[in-house]
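Where a number appears in this text, it was derived from the coordinates with a stated rule and is not lab data. Computed from a predicted structure; not experimentally measured. Please note: Cβ atoms are built from the backbone with ideal geometry, for glycine as well, and neighbour counts cover all protein chains shown.
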Amino acid sequence: EAATLRFNAQGTVSANTTWNADSSKSTLGSVTLDLPNGGSVDLTAAGAIKSGTIAAYTELRDKTLVEAQNQLDQFAASISSALSDTTQAGKVFPVPTTPPTTPAPGTPTGFTLDLTDMKPGNVIHLTYTDTATNTQHQISLMNVNDPSVLPLSNAATADPNDKVIGIDFSQGMAGILSQLNGAFAGEVNFSGTMGALKVVNNPNYANINAASVTITQSPNTLSNGAKELSLFTDNGAAYSGAISASGSQITGLAGRLSVNTGLINDPTKLVVYDTNTLAGDTTRSSFMLNQLTNASFTYGAQAGVGSASSPFKGNLLSFMRQFVSQQGAAAESAKQLADGQNVVLNTLDKKMADTSGVNMDDEMAHLLALQNAYSANARVMSTVNDLYKSLMQAF
C-alpha cells in the first residue's frame, strides 16, 4: 500500500489566521504524509517540501504575506497614532515656588498624572534612577483590561530599552494601585486617584526623573481643546494598540482603518479644535502636517524593518519607502530565482527530449538506409536464384 498526501484545509484565511507547528494553535492547514503503517508526518512542520508550487505557496502564506501584512498594519497604526495620541507630562509636586524653595525633609515629592482618559494599550512612561547603583531605568506601564494576557512581553512596545509591565485597569483604582506598588516593590510608591495618580519618590531606593502618560483621543471628541484628533478609526473605534486574548489590535488594522465619520460629517473640525477657535487658526492643521511629514517614530521589529534591539526610526514617508523598497527587492530576487529555475528546467527538458524523443530526420534516414539495404539484398537473392536455375538446367 502506498503512502498518501493529505491537506487539512481550514476556513477562510484572514489577518488573524496563522500557521503554527503546534496543530492545537494553528488556524491554517498543513500537508501531511500518511504512511501505510498508520503513522503520519507533518511535512509542513518538518520543512520537508523545499521546492515546487507547494513550497512556494507555503512560504507566501506563512512568511512573505505575513510580513507584508505586518508592514501595512504598522504603517496604519503609526499614521493613526501620529495624529490621535497625546503625551501629557506629569506635574511636579510639591508645586514649584518662585523663588525656588527646598521642600522640608520628609516631604513627599514626585509627579502627578491624570489617567482619566487612558484606553487599553495606552502607556504610562516612567524614568527613574536607582540610588544604590546610579542606574537609570525606563518603565512602560501599559493599560490592559484582559488579565489573561499578563505578564506582557517587552516586545509590546517598539522601544528596545524599556521594561514593559501590564496593569489590569479593569480592577478599578484600588486594584491598579495594588498592582503598581507590587510591581515596584517599594522602590517607587503610588497613591491617589484616577484623575491624580501620584508617583512618589523613595529616596532610599529611587529618584524619579520623568513621568508622562500617552492618551489616545476618542473619535467623538473632536473639539475638546486638544490639537490631536482621531482622523482615522478602527471600525469606528479609537486605535490605541490594545492587547487582548484574541490578539493585538494592530493585527489586520490596515484592512479596518477608515476616516472618522465625525470629520466626514463636519470637516470644519479639521481646523476647529475647541469652542473658541478663531478663523484662520492653523494650530491643528499645522500639527497634522508636521506629524504626517516630519515627526519621527519608532517602528516595531515585527514589520521586518530594523530589529528588536535596533528598531527603525524615521518619519512615516521614510518607513513606507523602506518596506516598499524591501518588498520590491524581494519580488525582484524571487523573479531572478524563478528565471534561473526556468533555465534549468528548460535545459533538462531538452536533454530528456534529445534522449527519449523521436528525431524525424534521423528516423527517415534510417528508414531510407533500410530500404536501400533491402533492395540490394533483393537483387542479390534474385541473382543467386538465376544462377541456381542455370545450374539446374545444365544437368
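What order do you get for 61, 379 when you list them from fewest to most C-beta neighbours inside 10 Å?
Values: 61 17, 379 9.
Starting with the residue having the fewest Cβ neighbours, the order is 379, 61.
Please work out the FRET efficiency for the pair residue 57 and residue 317, using the Cβ-Cβ distance as r and a Förster radius of 35 Å; give the result to the nearest 0.05. Once the sixth-power term is evaluated, E becomes 0.60. Ranking 84, 153, 141 by Cα position along the charge dipole of the stretch 72-172, where only Lys, Arg, Asp and Glu carry charges on their C-beta atoms, puts 141 farthest toward the positive end. Applying 0.36 nm per residue to the separation of residue 358 and residue 145 and subtracting their alpha-carbon distance, the gain on full extension is 69.3 nm. Projecting label points 7 angstrom from Cα along Cα→Cβ for residue 133 and residue 265 puts them 5.4 nm apart. In this label model, residue 386 and residue 327 are separated by 8.8 nm, measuring between points 7 Å along each Cα→Cβ vector.
Cα centroid separation, the stretch 270-317 to the stretch 180-246: 19 Å.
The stretch between residue 290 and residue 65, if pulled fully straight at 0.36 nm per residue, gains 77.9 nm over its current Cα-Cα span. Extension gain, residue 394 to residue 376, is 3.7 nm, computed as 0.36 nm per intervening residue step minus the present C-alpha separation. Amide H to amide H distances under 5 Å link residue 210 with 127, where only residues 5 or more positions off or on other chains count and H is placed in the peptide plane.
Using the structure shown, list the pairs from 50/163; 50/313; 198/269; 63/351; 25/163; 163/313 with a Cα-Cα distance above 30 Å, or answer none.
With Cα atoms farther than 30 Å apart: 50/163; 50/313; 198/269; 63/351.
Note on the stretch 294-395: dipole from Cβ charges, positive end direction compared against 381, 367, 344; the farthest Cα belongs to 344.
For the chain, modelled as a GNM whose springs connect Cα atoms under 10 angstrom apart, the maximal fluctuation among 114, 349, 146 occurs at 349. Around the Cα centre of the chain, unit charges on the Cβ atoms of Lys, Arg, Asp and Glu (plus for the first two, minus for the last two) sum to a dipole of about 300 debye.
Placing dummy labels 7 Å off each Cα toward the beta-carbon, the span from residue 205 to residue 170 is 2.8 nm.
Dipole of the stretch 90-216, Cα-centred, from +1 at each Lys and Arg C-beta and -1 at each Asp and Glu C-beta, to the nearest 20 debye?
Numbers: 4 positive and 8 negative charges, 45 e Å.
My answer is approximately 220 debye.
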